[in-house]
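Nothing in this text is a laboratory measurement; each read-out follows from the coordinates by a stated rule. On a predicted model such as this, the values are computed, not experimentally measured, just so you know. With ideal geometry, Cβ positions are generated from the backbone for all residues, glycine too; neighbour counts draw on all protein chains shown.
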Amino acid sequence: MPAYHSTFIVDERYTKVINNIPLLALASDNSVISGDSYDITDEVLDLFKANTFFKNFEIINSSDRLLTYGILYINSCLSLLSFTTSKNDAIKKLYNFAIDSNVVPGEPNFKLNNMFMINSSTTSRGDFEELKQYLQAFRIVLANKLVQRVYTDFKDATKEAEVPSKFWMQFSKKKFMNKSL
Amino acid sequence: MSYLNNPAVVMDNGTGLTKLGFAGNDSPSYVFPTAIATTTGKSTGSSTRTVDQSFSNLSVSDSNTSKAYLTSNSTSATNFNSSATHSSAILSNHLSGKRGTEDLDFYIGNEALLASQSQQYSLSYPIRHGQVENWDHMERFWENSIFKYLRTEPEDHCFLLTEPPLNPPENREQVAEIFFESFNCAGLYIAVQAVLALAASWSSPKVTDRSLTGTVIDSGDGVTHVIPVAEGYVIGSAIKNVPIAGRDITNFIQQILRDRGELDASLKTAEAIKQEFCYVAPDIVKEFNKYDRDGSKFAQYIVENQDKTSRKLIDVGYERFLAPEIFFNPEICSSDFLTPLPTLVDETIRSCPIDVRKGLYNNIVLSGGSTMFKDFGRRLQRDVKTIVNKRIEHSEQLSGTKSTGIDVQVVSHRRQRNAVWFGGSLLAQTGEFKSYCHTKADYDEYGPEIVRTFSLFNVAQ
């Protein structure tokens with residue numbers, strides 16, 4: 001059984017794809033009216049723990065690229081936290097990190113261009129800007145949800161914990177596919 | 001002919017552990033490491049020896065904690081690594097002061113592990129990768145096994161010994177020489193471990209016909225073998241090995257404990273967690289979610305120090321299902337070996353002659369301590385079945401005909417841990433066993449080459 005793949009099927013008629021990255025709807029986005037709120041960021045968080053153990057990952061759907069991006073992003077988020085970081089500090093840190101880290105796939109200094117098979121020579125400036133905006137929103141949503149999960153008492157899922165759960169922190173040194181963003 | 005009424009002695013010498021006992025019993029009388037401690041020093045001055053000895057007594061009591069994990073995998077009913085007083089008694093008793101008796105000065109099993117902590121003894125494992133490497137040590141190991149542990153007279157008993165698949169016949173001859181000439185045993189039978197593991201599976205209610213056809217998955221501490229057996233004969237060309245076994249699982253757990261910053265991440269703790277808490281999950285993503293929703297899935301393990309003055313609480317989490325998962329997804333812990341066990345089982349069976357394949361799929365038998373995880377057999381059966389069904393579907397599409405299907409069945413049973421020994425015990429208690437043994441008289445008549453062949457047990461009774 002290989003690593004887990006994204007279950008979001010990208011239909012190019014409804015979802016815009018820029019630089020091979022699909023701009024899948026985020027549930028918190030008010031403009032999207034969808035029945036259930038399970039979106040790609042939830043999936044990233046659900047698959048993160050299982051997939052970080054894998055060193056190989058084959059991209060099947062184009063949503064797998066967003067999944068990969070998300071998992072690697074969580075990796076770098078966790079490495080910013082320590083076993084004693086308080087929740088407020090974590091929220092601040094991760095929000096700033098989400099705003100700051102802004103290398104867009106397709107730009108020359110994005111490390112995964114080869115793996116994502118991105119050909120950005122025909123991408124317009126406007127599209128680049130749109131992708132940048134989308135990924136920033138994606139990162140902020142992801143970071144918020146991550147903090148909620150990391151600061152949950154592992155013995156009782158309804159309680160909040162003071163320090164990050166060690167059952168999340170144990171993954172901070174792991175590297176999905178030995179790569180980082 | 002007194003040996004005819006005595007139960008046969010069953011000895012299974014594995015790379016890691018040796019199992020000793022009498023045929024007809026449910027479990028071996030002794031299980032201890034296949035280790036021997038022999039004296040290192042040639043005769044030295046007596047003054048240095050006394051210093052050495054007092055030092056070694058000290059070091060034993062100190063390092064008991066650190067070495068204890070070595071002996072902890074012994075599942076013997078009679079434990080030899082219990083107390084420090086015992087160990088000092090061993091060491092003060094040594095014979096090296098008496099000239100000319102150096103070759104009698106050795107210990108085996110758990111006593112060897114203790115003795116090796118002193119400067120005077122060096123520890124060695126006479127069996128490597130299932131095969132005997134050091135015959136002199138092995139002979140002494142057997143000698144102690146028979147006289148000190150089992151306390152029997154070899155001339156009154158038949159012996160059933162085990163060998164790994166593909167053992168060269170020269171090794172069998174060597175064994176015969178030792179057993180008939182040094183020990184003067186009444187009769188000898190050497191059986192292949194995989195065949196005995198198949199026989200052990202007869203104790204499972206799932207098994208209806210007692211056939212000696214099946215695929216044996218033997219996973220111990222060092223390596224995992226997949227061995228196809230057809231009608232009692234091992235198909236040597238199709239045997240496959242997986243470099244993942246008990247030790248790797250323990251190391252993987254230790255790594256997780258370290259990553260999480262647990263208070264105690266020793267190998268001993270990791271081993272205890274492996275034996276006590278681990279199980280196989282059907283799907284790891286679902287299992288992760290279960291843990292995140294329900295905190296009761298997390299367990300706690302208590303580490304106490306030697307004199308029970310301090311306790312440490314270790315939280316046990318995802319490693320409960322992640323650790324055995326490395327059999328099914330080797331990628332998560334190793335970077336050079338990537339084939340999952342179910343795929344390997346399928347490949348092994350497909351490289352066997354076509355007329356036995358159905359029987360091999362039908363009877364996949366587990367053996368060895370690392371197959372003891374809960375639901376290991378179920379997961380293996382499901383995964384092999386998926387692979388086989390996919391292939392059948394594909395070939396049905398191509399040929400346009402309907403296949404009769406293949407029944408994949410994995411047999412797990414309660415005797416899995418010492419399956420090889422138990423199978424030996426089962427076969428050696430039958431009335432016919434003694435007629436299959438080569439006797440001392442045969443040996444004297446024909447020489448060691450008689451042990452190159454043994455008649456198979458007639459199982460179609």
> Quick one: Kirkwood hydrodynamic radius for segment B:299-396, alpha-carbon pairs, angstrom, one decimal?
Replying inline: 16.4 Å
> So what is the diffusion coefficient of chain B in µm² per second by Stokes-Einstein at 10 °C and 1.306 mPa s, using a Kirkwood Rh over Cα pairs?
Replying inline: 66 µm²/s
> How far is it, in nm, from the label point at B:R414 to the one at B:W135 when both lie 7 Å from their Cα along the line to the Cβ?
Replying inline: 4.2 nm
>> Loop-only trypsin sites (Lys or Arg not before Pro) in segment B:108-200, please: DSSP not H, G, I, E or B, and at most 15 other Cβ atoms within 10 Å.
In response: B:R151
>> Where in chain B is the longest stretch that carries no GluC sites (Glu not before Pro) classed as loop by DSSP and with at most 14 other Cβ atoms within 10 Å?
In response: B:232-431
>> Within 10 Å of each candidate Cβ there may be at most 14 other Cβ atoms; applying that plus a DSSP loop requirement, which chymotrypsin sites (Phe, Trp or Tyr not before Pro) in segment A:1-103 survive?
In response: A:Y14, A:Y38, A:F83
> What translational diffusion coefficient, in µm²/s and rounded to a whole number, does the Stokes-Einstein relation yield for segment B:189-287 at 4 °C and a viscosity of 1.567 mPa s, taking the hydrodynamic radius as the Kirkwood radius over Cα pairs?
Replying inline: 80 µm²/s
> Using θ = phi - 60° and the Karplus form 6.51 cos²θ - 1.76 cosθ + 1.60, what ³J(HN,Hα) does each residue of segment A:56-67 get, whole Hz, x for Gly and Pro?
Replying inline: 10, 8, 9, 7, 9, 8, 6, 5, 4, 5, 5, 4
>> Tell me the relative contact order for chain B as a rounded percent, counting alpha carbon contacts under 8 Å between residues six or more apart.
In response: 19 percent
> What list of ³J(HN,Hα) values in whole Hz, one per residue of segment B:363-372 in order, does the Karplus curve 6.51 cos²θ - 1.76 cosθ + 1.60 (θ = phi - 60°) give from phi, with Gly and Pro shown as x?
Replying inline: 9, 9, 10, 9, 8, x, x, 7, 9, 7
> Quick one: Cα convex hull volume of chain A, Å³ per residue?
Replying inline: 133 Å³
> Ranking A:T41, B:T439 by Cβ neighbours within 10 Å, fewest first, what do you get?
Replying inline: B:T439, A:T41
> Under unit Cβ charges (Lys, Arg +1; Asp, Glu -1), what dipole magnitude, rounded to 20 debye, does segment A:17-178 have relative to its Cα centre?
Replying inline: 700 debye
> For segment B:147-214, what is the convex hull volume of its Cα atoms per residue in Å³?
Replying inline: 117 Å³
>> Rounded to the nearest 5, what % of DSSP beta bridges with both residues in chain B are antiparallel?
In response: 70 percent
>> If N is the number of residues in segment B:258-333, what value comes out of its Cα radius of gyration divided by 2.2 N^0.38 Å?
In response: 1.18
> Which is the longest run of chain A containing none of the GluC sites (Glu not before Pro) found in DSSP loop states (not H, G, I, E, B) with at most 14 other C-beta atoms within 10 Å?
Replying inline: A:59-161
> Tell me, what are the semi-axes, in whole angstrom and largest first, of the equivalent ellipsoid of the protein assembly as shown as set by the roots of 5 times the Cα gyration tensor eigenvalues?
Replying inline: 55, 33, 19
>> Only counting other Cβ atoms within 10 Å, I'd like B:V31, B:V223 sorted with the fewest neighbours first.
In response: B:V223, B:V31
>> Could you tell me how far the Cα centroid of segment B:249-265 sits from the Cα centroid of segment B:196-227, in Å?
In response: 32 Å
>> Explain nothing, just the number: dipole magnitude of the protein assembly as shown about its Cα centre with +1 on each Lys and Arg Cβ and -1 on each Asp and Glu Cβ, in debye rounded to the nearest 20.
In response: 1440 debye
>> Give the residue list of trypsin sites (Lys or Arg not before Pro) in segment B:360-433 that are DSSP loop and have at most 12 other beta-carbon atoms within 10 angstrom.
In response: B:K402, B:R414
> Put +1 on the Cβ of each Lys and Arg and -1 on the Cβ of each Asp and Glu in the protein assembly as shown; which of B:T339, B:V195, A:F53 then has its Cα farthest toward the positive end of the dipole?
Replying inline: A:F53
> For chain B, what is the calculated [θ] at 222 nm in deg cm²/dmol (nearest 500), taking -39500 (n - 2.57) for each run of four or more DSSP H residues and dividing by its residue count?
Replying inline: -11500 deg cm²/dmol
> Assuming R0 = 51 Å, what is the FRET efficiency of B:E173 and B:N389, from their Cβ-Cβ distance, to the nearest 0.05?
Replying inline: 0.65
> Under a point spin-label approximation (7 Å from Cα along Cα-to-Cβ), what is the A:K159-B:Y279 distance to one decimal in nm?
Replying inline: 2.4 nm
> Given the options A:K155, A:K87, A:K111, which has the most mean-square fluctuation in a GNM of chain A, springs set between C-alpha atoms less than 10 angstrom apart?
Replying inline: A:K155
> If you find the alpha carbon centre of segment B:145-187 and of segment B:277-351, how far apart are they in angstrom?
Replying inline: 40 Å
>> Under 5 Å between amide hydrogens, which residues at least 5 positions from A:T152 or on another chain qualify, with H placed 1.01 Å from N in the peptide plane?
In response: A:A161, A:S165
